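Since the structure comes first, as structure tokens, the remarks are kept for the end.
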Amino acid sequence: MADEKVGFIGIGRMGEAIARNLREAGHELVVYNRTASKADALVREGAARAQRPADACSPGGVVITMLSDDRALEEVVGSDGFLARLAPGGVHVSMSTVSPETTERLAIRHANEGSALVAAPVFGRPAAAAARKLWICVSGAPQARDRAVALLRPVGQGIFEMGDDPSAASVTKLCGNFVIAAAMESMAEAFALGEKNGVAPSALADLFGKTMFSCPAYQSYGATIAERRFTPPGFTLALGLKDLNLAVEAGSHSNVPMPFAQIVRDRLRSGVEKGRGDLDWAALTLGAREDAGL
């Protein structure tokens, strides 16, 4: 599939890295971003520039979106977007973190037009995207999903197929981001307890990351929290709040109580209200230090 023509919409830090890896894998790339200048580097490297979302794709082709939220995604797909242009037989690979309801609604719209939506949200920060180290969750109709998986293999270190329902990958992504945020809150409270009793947060982060919690979330975020390194952000606190809101809403729609998710969501909300929305979302942990009088 090295000669697949790919449209890519959403050239932020994550999108630029993924798009670049696709082009370097041999794909012909057409890029669109609402702020056109953000695509300049990819255009200089050989990508074609689309003037509007519909120009980024062709009938029967593949278009990938990596956008900040549900509204942005629906705008590029909708009546003034690429929905009609992609059919028949095209595939929309949605890599955005959005609500399961939005994914399901857009999947129905695609099916009615004769195309297919595959949800493919990712775990990993911009550096991981650049290094082709993302973990990718994929769900959607089998034939379209197979096409998406083949396309995405060069941009990640592993792909997990979550089934035929496109919304399944969206749910998976919200579950994962909740677990990461919950881990950060737990570390923040533990580090505050240690610090007030003379134990350095860096020592706790080192111990946990090398022993019972030897995994990327605790190793990477543990050091970030202990050192209070919140700029530049890999993922902003404001976007973290958006994702925890989506997780809590998904729990409500599914009749799943999520009391701890609401606690972490409120911690993120507090951070945004204190002017920390543009910091890395690990800055949610500053609230625990403040509560402890540190």
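The values are calculated or read from the model by the stated rules, or taken from the named source; none is laboratory data. Values in this document were obtained by computation on a predicted structure and should not be read as measured data. Cβ atoms come from the backbone with ideal geometry, glycine included; neighbour counts cover every protein chain shown. All accessible areas refer to the heavy atoms of the entire protein, side chains included, with ligands and DNA or RNA removed. Shrake-Rupley method; radii C 1.70, N 1.55, O 1.52, S 1.80 Å.
Assuming R0 = 30 Å, what is the FRET efficiency of PHE213 and ARG105, from their Cβ-Cβ distance, to the nearest 0.05? Once the sixth-power term is evaluated, E becomes 0.20. Other residues lying with their Cβ under 11 Å from the Cβ of VAL122 contribute a combined charge of +3, Lys and Arg counting +1, Asp and Glu -1. Across the stretch 258-294, no residue has a backbone nitrogen under 13 Å from the label position 7 Å along the beta-carbon direction of ASN197. For the pair CYS175 and GLU290, the difference between a 0.36 nm per residue extended length and the Cα-Cα distance amounts to 38.7 nm. Figure legend: label point modelled 7 angstrom from the Cα of ASN255 along Cα→Cβ; no residues of the stretch 100-139 have amide N under 13 Å from it.
Each stretch of four or more DSSP H residues adds -39500 (n - 2.57); spread over every residue of the chain, this sum gives -15500 deg cm²/dmol at 222 nm.
The dipole here belongs to the chain: it is taken about the Cα centre, uses +1 on the Cβ of Lys and Arg and -1 on the Cβ of Asp and Glu, and is about 540 debye.
Computed from the C-beta positions of GLN143 and VAL43 and an R0 of 22 Å, the FRET efficiency is 0.10 to the nearest 0.05.
The candidates CYS215, CYS137, arranged from most to least accessible area with a 1.4 Å probe in the full protein assembly, appear as CYS215, CYS137.
Ranking ASN197, HIS110, ASN245 by Cα position along the charge dipole of the chain, where only Lys, Arg, Asp and Glu carry charges on their C-beta atoms, puts ASN197 farthest toward the positive end. Taking the Cα centre of the stretch 1-129 as origin and assigning +1 to Lys and Arg Cβ atoms and -1 to Asp and Glu Cβ atoms, the resulting dipole is close to 280 debye. The spacing between the stretch 2-46 and the stretch 245-294, judged by their C-alpha centroids, is 33 Å. Taking a ≥ b ≥ c as the square roots of the Cα gyration tensor eigenvalues, the stretch 35-83 comes out oblate, since a/c reaches at least 1.5 and a/b does not exceed b/c. Note on GLU273/ALA131: beta-carbon distance plugged into 1/(1 + (r/R0)^6) with R0 of 35 Å gives a FRET efficiency of 0.50.
Ordering VAL76, MET258, LEU284 by Cα displacement along the dipole of the chain toward the positive end leaves LEU284 in first place; charges were set at the Cβ atoms of Lys, Arg (+1) and Asp, Glu (-1). Remark: relative contact order (the chain) = 13 percent; criterion is Cα-Cα distance under 8 angstrom and separation of 6 or more residues.
Can you give the net charge of the other residues whose Cβ lies under 10 Å from the Cβ of ASN33, counting K and R as +1 and D and E as -1? Result for the local shell: +1.
With the simple model of a label 7 Å out from the Cα in the direction of the Cβ, ARG52 to ALA72 spans 2.1 nm.
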